[in-house]
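Readers should treat all values here as calculations from the given coordinates under stated rules, not as data from a laboratory. Predicted model, so just to flag it, every value in this text is computed and none were measured. Note: ideal-geometry Cβ built from the backbone for every residue, glycine included; neighbour counts use all protein chains shown.
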Amino acid sequence: DAGVTQSPTHLIKTRGQHVTLRCSPISGHKSVSWYQQVLGQGPQFIFQYYEKEERGRGNFPDRFSARQFPNYSSELNVNALLLGDSALYLCASSSGQGDNSPLHFGNGTRLTVT
Amino acid sequence: GDSVTQMEGPVTLSEEAFLTINCTYTATGYPSLFWYVQYPGEGLQLLLKATKADDKGSNKGFEATYRKETTSFHLEKGSVQVSDSAVYFCALSDAGAGSYQLTFGKGTKLSVIP
């Protein structure tokens, strides 16, 4: 079975630009979460979507937005990119919402902002 | 807010050595606790979890016990292998936040040498 797939794998953008990252969850999974992992740090929670509704948002500015589509895939959008947005962006899916539905992570999108 | 503190790395061990990676947490409620592993170039994989006090999670020879009295969840393995070389993250989930989100520690890089 295919795992969580993310695209693109690598991306280079310039300050001030906009970026869209994409995620396809494991088949049957209805929840998608996004995390930002800065080099040398642990992942930080950005968003969770369940059944196409936002269920949680981390401490990130409004430049960050996301959505989930009817097929449960998801997009993360970041506007007005800053150098500090350079990071590995991880998408995770789960079948439900609680601890009995473990998160399955994709390999991430490496974003570099110059 | 919730937080996770784990021992600084990197940790370098010889094959068959005993491994301990310390993890302590701060949480307002009764979190579930997790260890995730990240191999080079890959996303995070759930290694083990424990959902209540005194629970022991175990997988692939790794173990961790949820100690509420010391707010700890230390990872142990009796005999490490070269293939265990990876970055290990301790994490907790806050069910009271209304969404399923993980708070991660900064990670501990383990290198096992033959």
**Prompt:** Residue-wise, which Karplus ³J(HN,Hα) couplings in Hz belong to region B:8-25, taking 6.51 cos²θ - 1.76 cosθ + 1.60, θ = phi - 60°, and x for glycine or proline?
**Reply:** 6, x, x, 10, 10, 10, 7, 3, 6, 6, 8, 10, 9, 10, 7, 9, 10, 9
**Item:** FRET efficiency, 1/(1 + (r/R0)^6) with R0 41 Å, evaluated for A:Asn71 and B:Leu13 via beta carbons
**Value:** 0.35
**Asked** How would you rank A:Arg22, A:Arg55, going from fewest to most other Cβ atoms within 10 Å of each one's own Cβ?
**Response** A:Arg22, A:Arg55
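Under Stokes-Einstein, with the Kirkwood radius over Cα pairs standing in for Rh, what whole-number D in µm²/s applies to the protein assembly as shown at 37 °C and 0.692 mPa s?
Numbers: Rh = 18.0 Å.
This corresponds to a translational diffusion coefficient of 182 µm²/s.
How much net charge surrounds A:Asp85 when only other residues with a Cβ under 11 Å from its Cβ are counted (Lys, Arg +1; Asp, Glu -1)? Don't skip to the answer; put the middle values down first.
Details: positive: A:Lys13, A:Arg15, A:Arg63; negative: none.
Residues close to A:Asp85 contribute a combined charge of +3.
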**Message:** So if the hydrodynamic radius of chain B is defined as the Kirkwood radius over C-alpha pairs, what does Stokes-Einstein give as its diffusion coefficient at 4 °C and 1.567 mPa s, in µm² per second?
**Reply:** 92 µm²/s
**Request:** Could you check the simple spin-label distance between A:Asn59 and A:Ser7, using points 7 Å along Cα→Cβ, in nm with one decimal?
**Result:** 3.5 nm
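At a 10 angstrom cut-off on C-beta neighbours, averaged per residue, how do the peptides A:26-39, B:52-65 rank from highest to lowest? Spell out each step's value before the answer.
Values: A:26-39: 19.5, B:52-65: 15.1.
Ranking, from highest mean packing down: A:26-39, B:52-65.
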**Asked** Got a sec? Which residues in region A:65-104 would a label at A:Lys52 touch, if it sits 7 Å along Cα→Cβ and we count backbone N under 15 Å?
**Response** A:67-75
**Prompt:** Can you pick out the pairs among B:Lys77/B:Lys109; A:Lys13/B:Lys106; B:Lys68/B:Lys109; A:Lys13/A:Lys52 whose Cα atoms lie more than 21 Å from each other?
**Reply:** A:Lys13/B:Lys106; B:Lys68/B:Lys109; A:Lys13/A:Lys52
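Which net charge results for the neighbourhood of A:Gly16, defined as the other residues with beta-carbon distances under 13 angstrom from its beta-carbon, given Lys and Arg at +1 and Asp and Glu at -1?
Details: positive: A:Lys13, A:Arg15, A:Arg63; negative: A:Asp85.
Result for the local shell: +2.
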